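Some notes on the structure that comes next.
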Amino acid sequence: MPKQLTIAQAQQQLPNLPSELTDEPIIITQDGVPVIAALSYTHLTELLETLDILTDTEFVTKLRQSIVQSEQGNTIPWENAKAQLGL
């Protein structure tokens, strides 16, 4: 579970928050209710990239088809794939 801080605690710990955000977000609460999620810039960019991928419906459809094919053993050897791609 992510660490939780009150707004007052977050204000006091603000200089140290970047070093604490390396593993998971910190939830900042007001009156016991989560109101802010603090996360590292790296995690934010990764999340935005993931959202971008998941909103590409054509890509997601092909990805799901590929997963099913792989689970069914419908794969080709790496060397054959490289040859088909001209690598």
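The values are calculated or read from the model by the stated rules, or taken from the named source; none is laboratory data. Remember, predicted model here, so these are calculated numbers, not experimental data. Note: ideal-geometry Cβ built from the backbone for every residue, glycine included; neighbour counts use all protein chains shown.
Determine, yes or no, whether residue 50 is modelled with pLDDT under 95, of a type in the set (S, T, N, Q), within 18 Å of the chain's Cα centre (by Cα) and more than 25 Å from residue 1 (Cβ to Cβ). Answer is no for this residue.
Annotation note: Cβ proximity below 9 Å between a residue of the stretch 6-24 that is surrounded by 10 or more Cβ atoms within 10 Å (Cβ to Cβ) and in a helix (DSSP H, G or I) and a residue that is at pLDDT 90 or above and of a type in the set (D, E, K, R) (sequence gap 6+ or interchain) occurs for 20/3.
Restricting attention to the stretch 44-75, the residues that are surrounded by fewer than 10 Cβ atoms within 10 Å (Cβ to Cβ) and acidic (Asp, Glu) add up to 2. Scanning the stretch 28-74 for residues that are acidic (Asp, Glu) and either touching a residue at least 60 places away in the same chain (Cβ under 8 Å) or assigned to a helix (DSSP H, G or I) (or both) turns up 46, 49, 52, 58, 71.
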